[in-house]
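The structure appears below as structure tokens.
The values are calculated or read from the model by the stated rules, or taken from the named source; none is laboratory data. Remember, predicted model here, so these are calculated numbers, not experimental data. Here the Cβ positions follow ideal geometry from the backbone for every residue, glycine too, while neighbour counts run over all protein chains shown.
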Amino acid sequence: MLNRPYGPDVMGGTKERASLQLAFALYKYFPFGGLQRNMLAMALEAIARGHGVTIYCSDWQGDCPMGIDLQVIPARGWDNAARMQNFAADLRPKLKANDLLVGFNKWPGLDLYYAADSCFAYKAHYERGFFYRLAPRTKAYLTLEKAVFGAASKTQILEVSRPERERFVQCYGTAEDRFNTLPPGIARNRVAPDNWQEIRSKTRDQLGLGSEQTCFLALGSGYKTKGLDRSIIALQTLCQQGLDGVLLVVGEDKREPFVRQAEKLGLQERVRFLGGRDDVPNLLQAADLLLHPAYKENTGNALLEAMIAGLPVVASDVCGYAHYVRDGEMGAVIASPFNSDSYVAAIHQVLSVSGEQWHQKGEDFAAKSDVYSRPQVAVDIMERLVDEKSVGQ
């Protein structure tokens, strides 16, 4: 594999960038998590440039791509907070020689942290009560977060949400120059193909959807934080108003509370849990509307995946990527505080526009917007940080 050109040398020629050894630390990998997909995309981009990548984790579900050196560190501890702390302690002795340690969870000693999670300190101090802050679990997570964002830390940060930067700075006094902003990293296979109508018809037949049925899609793991309960309630209201609707729930999570909710509302035949799927591009074509009324969402890749597929979106304004929906005019954004009636009204409004019109809007958005280059920019930053480290030594 050829090394990636780095730039002109002092003699006016072109020198090759030396291959780097990058260590990625992720607590758990499962194929359908957004954090996990972003991590893997960065790893594959680094490998494509000729770098070596070792991934340390406590559990890996599914296949591991060739070229990655996978190192599993078994979890130990009674609860998740203890297991996270123990993983950090067990990681250091197992690290091989590397040029950069990149963390995808909050741990001490990282060179670079991918900030997919919201600010825990802000939640603990401004959204929870006194006794919540006294809990050992809370103290453990605050310690881990301070190790990354504290003013004394040297960890650089890969930022995916500007509003969260403001919260980290407020809670920890994190220096602004430690934040490195990333664009979204949506897979291009979500873009609607030329034969999208054929795919739509075939996929709907496979799912047993009627030609006149309205298909709603809830996409992503984390049913509770993504507001699945709100969408189930909205579906009941819409059906009572005469709409023949079905909600497809795609992603891995504990579904039992939501199955019970659907049964209680008489929607057991209309709310269908499909689990994690490999055919998301086809499902995006089969659906009529993506529902994403999240309670909390640092970014919201599902919004952009839907938009470039030509699928309109109704999302809450807490989503970090909600501004793309608003600016791209690809659906509706529900203002906080959330209101169920406003949610249902927004769904009706979006459905009043034809699918062909939404696909044209999505095609324009997909062609004009850079929502794809996160892995490339992230590895650019990794290479730059290694250069800076070598200069400082």
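Okay, here's what the table says:
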| item | result |
| --- | --- |
| Selection status of L235, not assigned by TED's automatic domain parsing to the domain that holds G33, not in a helix (DSSP H, G or I) and not aromatic (F, W, Y) | no |
| Output for region 369-386, where each listed residue is of a type outside the set (V, I, T) and modelled with pLDDT of 95 or more | Y372, S373, R374, P375, Q376, A378, D380, M382, E383, R384, L385 |
| Restricting region 281-319 to residues that are acidic (D, E) and surrounded by fewer than 24 Cβ atoms within 10 Å (Cβ to Cβ), the residue that is nearest to C215 (Cα to Cα) | D288 |
| Count of residues meeting criterion [surrounded by 15 or more Cβ atoms within 10 Å (Cβ to Cβ), in contact (Cβ under 8 Å) with a residue 40 or more places away in the chain and either of a type in the set (D, E) or more than 22 Å from A152 (Cα to Cα) (or both)] in region 88-136 | 4 |
| Strands (runs of 3 or more DSSP E) completely within region 80-160 that count 1 or more residues being small (G, A, S) and under 27 Å from H51 (Cβ atoms) | 100-103, 112-115 |
| G210 out of contact with any His (no Cβ under 6 Å at 6 or more places or on another chain), of a type in the set (G, A, S) and more than 19 Å from W196 (Cβ to Cβ) | yes |
| Subset tally (residues that are of a type outside the set (A, V, I, L, M, F, W, C) and either closer than 17 Å to Q236 by Cβ or assigned to a loop (DSSP other than H, G, I, E, B) (or both)) for region 284-314 | 9 |
| Matching residues, region 238-283, being more than 26 Å from K28 (Cβ to Cβ), assigned to a helix (DSSP H, G or I) and in contact (Cβ under 8 Å) with a residue 40 or more places away in the chain | L238, N282 |
| Those residues of region 259-282 which are over 17 Å from R188 (Cβ atoms) and among the aliphatic types (A, V, I, L, M), in sequence order | V259, A262, L265, L267, V271, L274 |
| Residue under evaluation Q170, criteria (1) crowded, with 16+ Cβ neighbours inside 10 Å; (2) more than 19 Å from the chain's Cα centre (by Cα); (3) outside any loop (DSSP other than H, G, I, E, B); (4) not acidic (D, E), criterion not met | (1) |
